[in-house]
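Following: one structure in structure tokens, then a few remarks.
The values are calculated or read from the model by the stated rules, or taken from the named source; none is laboratory data. Since we're looking at a predicted model, the values are computed, not measured. As a convention, Cβ positions derive from the backbone with ideal geometry for all residues, glycine included, and neighbour counts pool all protein chains shown.
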Amino acid sequence: MSDGNPITPAGMASLRARYDHLLHGERPPVVETVRWAAGNGDRSENGDYIYGRKRLREIDRELGHLAKRMAAARVVDPATQTERHKVLFGCTVEIADDDDNRRTLTLVGDDEQDASRNRIGWSAPLARALRGAKLGDVRVVRLPGGEKNWEVMAINWP
């Protein structure tokens, strides 16, 4: 599953919700403000016009980015995974290093990663090293600070 940009159904729904909010919630009032400000005459000294246009560009740039991410994404539902004995996209894995420091991580799409919730992106170095591992496997992760060994202690699925 290394091809494409995998994303969970919840992750895709979140991208769509953000896109819809920008397109239908934030953009129309800004367009209306710019239209109103443009009708007031001199645009070079019109703050509403200048800042409205700037905000409109920001919204349009983010809409373009979200559209590209959604077009490139491939929705993968972890609940339908058949090889539940391996570390694959969507699983939650408990790992331990050589000093028995344990971490529990969920492998999600790169657009869904959130370190504060222990969700790491599919293309992160640790996720790449753990792909396909089975219970008890030890994987070496190469990081800028050096190599670190991680043993798979548990694999859980939604």
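Of note:
- Scanning segment 114-158 for residues that are among the hydrophobic types (A, V, I, L, M, F, W, C) and outside any strand (DSSP E or B) yields ALA115, TRP122, ALA124, LEU126, ALA127, ALA129, LEU130, ALA133, LEU135, TRP157.
- Unmet requirement for GLY52, which otherwise passes all of (1) over 22 Å from ASN149 (Cα atoms); (2) crowded, with 18+ Cβ neighbours inside 10 Å; (3) in the same structural domain as GLU147 (by TED's automatic domain parsing): (3)
- GLU62 vs. criteria surrounded by fewer than 17 Cβ atoms within 10 Å (Cβ to Cβ), of a type outside the set (Phe, Trp, Tyr) and either modelled with pLDDT of 95 or more or in the same structural domain as ASP137 (by TED's automatic domain parsing) (or both): yes
- Only one entry in ARG57, ARG18 is part of a helix (DSSP H, G or I) and within 30 Å of THR104 (Cβ to Cβ), namely ARG18.
- Count of segment 93-127 residues which are in contact with a Phe, Trp or Tyr (Cβ under 8 Å, 6 or more places away or on another chain), within 15 Å of GLY11 (Cβ to Cβ) and of a type in the set (Val, Ile, Thr): 1
- In segment 33-40, the condition of being assigned by TED's automatic domain parsing to the domain that holds ARG55 and outside any helix (DSSP H, G or I) is met by at least one residue.
- At least 2 residues being over 18 Å from the mean Cα position of the chain (by Cα), assigned by TED's automatic domain parsing to the domain that holds ASN149 and of a type in the set (Asp, Glu) is the threshold, and among the strands (runs of 3 or more DSSP E) wholly inside segment 69-113 those reaching it are 92-97.
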